[in-house]
Amino acid sequence: MNQTKDEQLLNVVENILALNTAMRFASILDLKGNIIEGIMKDRKTSLESQKQQEKFCKDAAKARKMREAYDKKLGKVRYVHTERENVTQITVYIKKYTIFITMEPELSVNKKLQIITKIKKCLHTFDINHKPINHHTSS
């Protein structure tokens, strides 16, 4: 059975949210900052309005462009970790998409780094940059 691109993106977001109970929101943004797929975890409320969230995502796309200007000299950004009073924000860049996650801020830095590592592994499980994944095995 082939998964459509939309199904793949939804699976990525669901798998990221399932990594830890502290996860609040996971989304996949295009290079312009539009939310392609996003899920707020059950029993969590957004700390931002829809309009604020959309603006933040557009700003995340602008920040990515600014950071990419330094890639040749400093190397590509592996992830961005922003620690705020009320929420932790994690941004991971992959070819055509930006993965944006929020989580509860109470976790230790080590635990957050473990989650980032798991997110990166989760992203390697899915081929969201190219063709749909074919789950058939040939005989």
Quiz item: In the structure displayed, which of K41/K72; K51/K76; K41/K76; K32/K72; K73/K111 lie more than 27 Å apart, Cα to Cα?
Solution: K41/K72; K51/K76; K41/K76; K73/K111
Self-check item: Shape call, region 5-125: gyration tensor on alpha carbons, a/c limit 1.5
Solution: rounded
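Taken together, the values in this text are just the output of simple stated rules run on the coordinates, not laboratory data. Computed from a predicted model, the values in this text were never measured in an experiment.
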